[in-house]
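Visitor: There's a structure below that I have some questions on.
Just so you know, all these numbers are worked out from the coordinates, no wet-lab data involved. What you see is a predicted model; the values in this text were computed from it and never measured. Methodologically, a virtual Cβ is constructed for each residue, glycine included, from the backbone with ideal geometry; neighbour enumeration extends over all protein chains shown.
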Amino acid sequence: MALDPSFVGRWFPVAGTYQVAHEKIREFADAIGDDDEIYRDPGVARALGYSDVIAPPTFAIILAFRAQQALLCDPDLSLDYRRIVHGNQSFMHHRPIRAGDELVAMLHVDGVRTMGGNDMLTVRCEITDGAGDPVTTARSVLVVRHSDEECDR
């Protein structure tokens, strides 16, 4: 079943705040194989002009994925999670994510379209800090494969 295009323009509520901890940044850097000390050592980060360690640029995917859950689990969208392929991901950073940040993420549906027998779901996640200032804008394109029965029609 095709995705409902009436979802375009909808915002999904914040799923709570995310406390950025030193350990989470280190674990993420380890997971992606980046041994840069700016992600681990506050002294190195301060020497480079930051108030504390910063997170790798792709760390924002943690918040973006959490924000996407409200949409992906919405029963009105009629999404079969087993048919999703992550088509594209981009980040626009307004400032680095730092240890100690308290961040919130809101998800917006920018587009739903059908192309080549698949639905393309385009979402934007606006990540802000405790003062409401922008930190990162994450954009994702999710490809939802239609069922074999739908493709045969």
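Visitor: Say a paramagnetic label sat at a point 7 Å from the Cα of ASP133, along Cα to Cβ; which residues of the range 25-67 have their backbone N under 15 Å from it?
Guide: Zone members listed by number: 50-52.
Visitor: Do the sum for the chain: with -39,500 (n - 2.57) for every DSSP H run of n ≥ 4, divided by all residues, what is the mean residue ellipticity at 222 nm, to the nearest 500 deg cm²/dmol?
Guide: Theoretical 222 nm ellipticity from helices: -6000 deg cm²/dmol.
Visitor: Provide the per-residue ³J(HN,Hα) series for the range 110-126, in order, calculated from phi with Karplus coefficients 6.51, -1.76, 1.60 and θ = phi - 60°, each as a whole number of Hz, with x at glycine and proline positions.
Guide: 8, x, 9, 8, 9, 8, x, x, 10, 9, 10, 10, 9, 10, 10, 10, 9
Visitor: Give me the three principal axis extents of the range 88-153 from the C-alpha atoms, as integers in angstrom, largest value leading.
Guide: Principal extents (largest minus smallest coordinate, Cα): 52, 16, 15 Å.
Visitor: Moving on. Report P(r) for the range 51-115: all Cα-Cα distances, bin width 5 Å, range 0 to the bin holding the largest distance, values in whole percent.
Guide: 3, 12, 21, 24, 15, 11, 8, 4, 1, 0
Visitor: Give the Cα extents of the range 9-95 along the principal axes, in whole Å, largest first.
Guide: That gives 50, 25, 22 Å along the principal axes, largest extent first.
Visitor: Taking Cα atoms, how many degrees apart are the long axis of helix 22-32 and the longest axis of the chain, rounded to 10 and kept between 0 and 90?
Guide: With both axes taken from Cα atoms, the answer is about 60 degrees.
Visitor: Now, a different point. Taking only Cα atoms, what is the 0 to 90° angle, nearest 10, from helix 61-72's long axis to the longest principal axis of the chain?
Guide: 30
Visitor: Which part of the range 82-104 falls in the paramagnetic zone of ASP110, meaning amide N under 18 Å from the point 7 Å along Cα-to-beta-carbon?
Guide: Hits in the range 82-104 for ASP110 at 18 Å: 85-95.
Visitor: To continue, here is another question. I need the fraction of alpha carbon pairs in the chain separated by more than 20 Å, rounded to a whole percent.
Guide: Percent of Cα pairs beyond 20 Å in the chain: 53.
Visitor: Under the rule of at least 5 residues apart or a separate chain, name every residue whose amide H is placed under 5 Å from the amide H of VAL53.
Guide: HN-HN under 5 Å from VAL53: ALA99.
Visitor: Let me ask something else about it. Give me the net charge for the shell around GLY111: Cβ to Cβ below 11 angstrom, other residues only, Lys and Arg +1, Asp and Glu -1.
Guide: Here the count lands on +1.
Visitor: Another question, if that's okay. List, in order, the whole-Hz ³J(HN,Hα) value for each residue of the range 55-60 obtained from phi through the Karplus relation with A = 6.51, B = -1.76, C = 1.60 and θ = phi - 60°; use x for Gly and Pro.
Guide: In residue order, the calculated couplings are 8, x, x, 7, 4, 4 Hz.
Visitor: Between ASP34 and GLU102, what is the FRET efficiency for a Förster distance of 25 Å, r being their Cβ-Cβ separation, to the nearest 0.05?
Guide: My answer for the efficiency is 0.60.
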